[in-house]
Structure formats: C-alpha cells, structure tokens
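Here is the structure we will look at, set down as structure tokens.
The values are calculated or read from the model by the stated rules, or taken from the named source; none is laboratory data. Just so you know, these numbers come straight off a predicted model, no measurement behind them. Reconstructed Cβ throughout: ideal geometry from the backbone, glycine too, with neighbour counts over all protein chains shown. All accessible areas refer to the heavy atoms of the entire protein, side chains included, with ligands and DNA or RNA removed. Shrake-Rupley method; radii C 1.70, N 1.55, O 1.52, S 1.80 Å.
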Amino acid sequence: MATPHIAAEPGDFAPAVLMPGDPGRARRIAETLLTRPRLVTDVRGMLGFTGTVDGKRLSVMGSGMGQPSLTIYATELFDQFGVERIIRVGTAGGISERVSVGDVVIATGAHTDSSMNQLRIPGIGFCAVADFHMAEAAYREAVAAGIVERTHIGTIISRDHFYLTPEGQTERLAAYGTLCVEMEAAALYGTAAEYGRRALAVLNVSDHLLDHSGDMSAVDRQTRFQDALRLATAAAFC
Ligand code: HPA
C-alpha cells in the first residue's frame with residue numbers, strides 16, 4: 001500500500017519514528033542504533049528504515065528540509081502507516097545567549113513564520129506544542145546521561161527561510177526566550193495535533209546566530225549529535 005511519497009507496506013513502520021532532516025543521517029542512525037535495520041522506503045531518496053532497539057521496534061526516516069517536506073511525510077506516516085509518535089532529531093542555530101554550540105534543546109513549543117499552521121484554523125495563531133510526556137522522557141534521559149547542564153527546554157522558532165531574516169527579528173526572538181532556530185518542528189507539532197498523535201523535536205545546536213565564537217566542525221557535529229539522539233530515543237519509547 002504505497003502512498004504518493006512512501007513505498008511501504010502496512011506494518012512496515014514501527015509505532016515510533018525518529019526523523020532527521022537528512023536521509024543520509026537516517027541511514028547512519030539506522031545502521032548504528034537499530035538491530036537488523038531494514039529499508040522500508042526510498043521514494044525520491046527519502047530513506048526509511050525499521051529495526052529494533054533492545055527488542056522494541058523503531059523506525060528512522062528522513063523528512064527533508066523545511067515544513068512542507070516534513071508535513072508530507074508526517075501526514076502519510078500518521079494517516080496511512082499507523083505511526084503514533086514522531087521525534088524530530090536535527091540541528092539548530094542558537095539564538096538565546098543561554099544556549100551554546102554543542103548544547104541540546106528539547107523543543108516544548110515552536111513559533112513559526114510559516115503559513116502552514118496559520119491555514120489550519122482560520123483566524124487562529126496556532127499553538128504548536130510538543131507532547132509533554134515525550135519531552136519529560138527526553139529530559140529524564142538528559143539527567144541520566146549527565147548532560148542536563150547543557151540541555152535546554154523551551155520554545156524555538158521554525159523558520160521558512162534559511163538565508164533571509166527580517167532585521168532585528170532574531171534579537172526580538174531572543175528577548176522572548178527563544179532558544180534556537182530550525183526549519184521543521186512547528187509543522188510537525190501541527191500535523192501531530194491534526195491526527196491526535198504525539199511529537200517532539202530534540203535538537204543539537206550546531207552554530208549560533210548571534211555569537212559565532214564557537215561554531216562546530218563537521219566531526220564535532222556528528223559526535224554531539226549522539227546526545228540529541230539518545231534523548232530522542234528515550235522519548236520514542238515513552
Ligand atoms: N537556521 C539558521 N541557522 C541554523 C539552522 C537554521 O534553520 N539550523 C542550523 N543552523
């Protein structure tokens with residue numbers, strides 16, 4: 001039973017899906033985290049795998065970049081493949097001065113400049129929030145992993161533009177306590193709300209928009225990404 005963007009059979013996906021933006025990263029996560037990963041879809045190169053972690057089924061699938069792309073995959077996974085939980089794992093640019101490169105952010109809510117959630121309930125500024133229990137499970141894992149000092153919990157911004165930012169906007173967002181910027185979480189939370197399912201984004205800060213002193217090498221990004229992945233995996237099974 002293929003959907004327009006996912007060529008898989010019913011039951012191919014686990015109830016929980018880890019969702020990085022990059023399909024190459026989905027493959028690397030599947031190969032390192034999952035026992036006996038099996039490729040279940042590769043339409044347009046957007047790879048999806050299912051395997052197990054400690055005997056429990058888990059899937060990993062790329063979302064592509066941006067809210068429209070993620071929304072296509074999340075919608076089909078929730079609507080057609082019985083997926084219950086999607087956990088975005090990705091990188092983000094720091095905004096708050098409290099956040100440093102290498103830190104982890106558990107995104108409990110996501111502002112957005114995108115129209116995707118504005119279209120959901122006409123006249124309403126949609127409130128894009130994570131599942132509380134998954135956020136709590138990720139936080140508990142940060143405590144267990146001894147990384148709670150560099151783990152932040154709070155609001156982020158999901159922007160449509162990577163390169164175009166209205167002057168002063170980032171500073172205003174920082175003044176409102178916004179932790180970091182990425183490009184997908186708000187739409188994920190909106191899509192989960194639409195289907196009555198659960199979602200969370202756990203992000204690794206790879207650079208800082210207002211302080212460039214500590215930008216990361218590609219190797220460091222990959223190493224530190226493991227922290228976010230550990231927290232996301234804990235959330236997947238809660
Ligand atoms: N925007 C700006 N900087 C970033 C992002 C983003 O979406 N992701 C990682 N660094």
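Annotations for the structure displayed:
- The fraction of accessible area contributed by carbon and sulfur in the chain is 53 percent, rounded to a whole number (1.4 Å probe; ligands and nucleic acids excluded).
- Among 39, 91, 130 - extreme Cα towards positive end, dipole of the chain, charges at beta-carbon: 39
- The DSSP beta bridges internal to segment 16-236 are antiparallel in roughly 40% of cases.
- Probe 1.4 Å, protein heavy atoms only - accessible area per residue of segment 16-236 in square angstrom: 45 Å²
- Rounded to 10°, Cα long-axis angle of helix 67-80 versus longest principal axis of the chain: 30 degrees
- Rounded to the nearest 10 degrees, the angle from helix 132-145 to the longest Cα principal axis of the chain is 80 degrees.
- Sparsely packed loop sites in segment 139-227 (the chymotrypsin sites (Phe, Trp or Tyr not before Pro) outside DSSP H, G, I, E and B with at most 12 other Cβ atoms within 10 Å) comprise 162, 163, 176.
- Exposed loop sites were defined as GluC sites (Glu not before Pro) in DSSP loop states (anything but H, G, I, E or B) carrying at most 14 other C-beta atoms within 10 Å; in the chain the longest segment without such a site runs 1-96.
- Value of Rg to Rh for the chain (Rh from inverse mean 1/r over Cα pairs, i.e. Kirkwood): 0.95
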